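Chemist: Sharing a structure here in structure tokens format.
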Amino acid sequence: MRTARILSLSVLALIACSQAPSTAQNTSADGAEFQLTQAAPIERRAPASRTEMQLSLAPVVRQVSPAVVNVYAQRVVRQRRSILDDMMRGVPPGALGGMSRERIEQSLGSGVIVRADGVIVTNNHVVEGADALKVVLSDRREFEAKVIVADPKTDLAVLRITPGSERLPALAFADTRQAEVGDLVIAIGNPFGLQQTVTSGIISALARTEVGINDFAFFIQTDAAINRGNSGGALVDMNGALVGINTAIFSESGGSNGIGFAIPAEMVKRVVESALSSGSVVRPWLGVAAQPVTQDLARSLGLDRPRGVLVTELWSGGPAERAGVQRGDVILAVGGVDVFDEQAVRYQAATQRPGATIPLRIVRGSAQRTVNARVDAPPRTPAPDPRDIAGENPMSGARVVALSPAAAEEAGLNPFSTGVYIQAMDARGTAARAGFRPGDVIRSVNGQRVRTGADLQRLLGAQTRWAIEVERGGEVGTLNFGR
């Protein structure tokens, strides 16, 4: 399930394209080359006659449905045997020594074959916490699956099965930067544990960012019916190329009401490439903080209309600063794609390979120019230095980690924040009783900056009164304690 009336699920996958695809070669961690197929663009035109309106989608479905699979996740849930359980079974209390009992939970999702040697994409929430995974192909053959990478930030997981020397049907990736509202799409999946089900619709909206499902919330919205069990399936275009991995619907009842969301293929492709080349997901960044350009802001900046984002902060030595971007610039486009908020800037950077050079179209004063930025992974300094705070102080029982841009990205925090953040805490400890929460950023104690867990422990231990500066949800305040 998802928060705020967002219910998990997805659509299905389709394969093959009717035009000659292109391929991109990369090198995996073991030095072997791998290929992910990029589909050719589709031709768009409105039906020319009533006869064309009666055309069938069956040829596309037949072509792509072999690339859609079922993903079965099995979890072993262990529960402590209670005294009441023993008494109900006529066993003297404690005779079994407090043994635990096991219960098997199974869940069903969908998946998409994206490489012919058995690489499959599904949702992270389908496989999260699974003790065993099984993939069932459209021809009912079953394979044990292993997780290559599980990425909660995008809600994607990359799996591998071993089909031997056989080449499996695999989907090509559509160029979702060329997708338009109104494009026809097909969803194929396994809702409610049924065999493959096909629905069709259109792209209802692009670049939805207010869904609140993952940290890179940039979704394609569709009215193709999506129901439970479709999670990890695919949304495809009329060429049978993968437009996105469907992951959620907006619903109060749990059934489809024509508002479904898919993770765009360009993000899926980047996660798969990263998983196969390094066994992890590396997300480049530009090192900028920005705010949307409103009507009033556009007027003050001399723009003809609200567009782009205003740069408010730059990471010193970061990709954007090295490219010549300055505070006060307006970024109109990243990599040739118009941007309208900071989330769009992050997304466009994150879909690039580390080390790639992308153009940034900016406005400075009255002049428009293009600069080229080489995107990198965010810095990991200072080192995390995890520290369990102890002693007689208001933060005892909290586990803190030093903030770097990389750590902030992973924790879903502002990458420009400095200090340490609370990673976890003892629910019955002093810090919890004092009102601290996981995710809080500790910036200073009694006016002295905090940069590491060791700094925080030292500053807390040297005082009997504390003024602790805390950042929470983008706001900064001070908590005062004393004894």
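Chemist: Subtracting the Cα-Cα distance from 0.36 nm times the residue separation, let me have the gained length for residue 416 to residue 62 in nm, one decimal.
Modeler: Details: separation 354, 0.36 × 354 = 127.44 nm, distance 4.97 nm.
Result: 122.5 nm gained on full extension.
Chemist: How would 173, 261 line up from fewest to most surrounding beta-carbon atoms within 10 angstrom?
Modeler: Numbers: 173 23, 261 27.
Taking fewest neighbouring Cβ atoms as first place, the list is 173, 261.
Chemist: For region 288-374, what's the relative contact order in percent, using C-alpha pairs closer than 8 Å and at least 6 residues apart?
Modeler: Computed over region 288-374, the figure is 27 percent.
Chemist: Separation between the residue 167 and residue 180 pseudo-spin-labels, each 7 Å from Cα along Cα→Cβ, expressed in nm?
Modeler: Here the modelled spin labels are 3.4 nm apart.
Chemist: Compute the FRET efficiency between residue 374 and residue 451 as 1/(1 + (r/R0)^6), taking r as their Cβ-Cβ distance and R0 = 35 Å, and round to the nearest 0.05.
Modeler: Numbers: r = 28 Å, r/R0 = 0.79.
For residue 374 and residue 451, the calculated efficiency is 0.80.
Chemist: I've got another one for you. Would any residue of region 424-454 have its amide N under 20 Å from a label point 7 Å out along Cα→Cβ of residue 463? List them or say none.
Modeler: Within reach of a label on residue 463, which here means backbone N under 20 Å from a point 7 Å along Cα→Cβ, region 424-454 contributes 430-454.
Chemist: Also, quick follow-up: Just in region 398-475: which trypsin sites (Lys or Arg not before Pro) are loop by DSSP and have at most 14 other Cβ atoms within 10 Å? If you can, show how the numbers build up before the last one.
Modeler: Working: sites: 399, 428, 433, 443, 449, 451, 458, 465, 472; in loops: 428, 451.
Qualifying residues, ordered by number: 428.
Chemist: OK, next. Could you work out the relative contact order of region 427-471, using alpha carbon pairs under 8 angstrom and six or more residues apart, expressed as a whole percent? Display every interim value, and only then the final one.
Modeler: Working: 33 pairs, mean separation 20.3, N = 45.
Across region 427-471, relative contact order equals 45 percent.
Chemist: Give me the number: length gained by fully extending residue 140 to residue 340, i.e. 0.36 nm times residue separation minus the C-alpha to C-alpha distance, one decimal in nm.
Modeler: Numbers: separation 200, 0.36 × 200 = 72.00 nm, distance 4.55 nm.
So the chain would gain 67.5 nm between residue 140 and residue 340.
Chemist: In addition: Quote the FRET efficiency, to the nearest 0.05, computed for residue 437 versus residue 390 with a Förster distance R0 of 22 Å and r equal to the Cβ-Cβ distance.
Modeler: Working from the Cβ atoms, E equals 0.70.
Read-outs: derived from the displayed coordinates by stated rules, not from any lab. Bear in mind that the values here come from a model prediction, so they are computed numbers and not experimental data. Glycine gets a Cβ as well: all are built from the backbone with ideal geometry, and neighbour counts include every protein chain shown.
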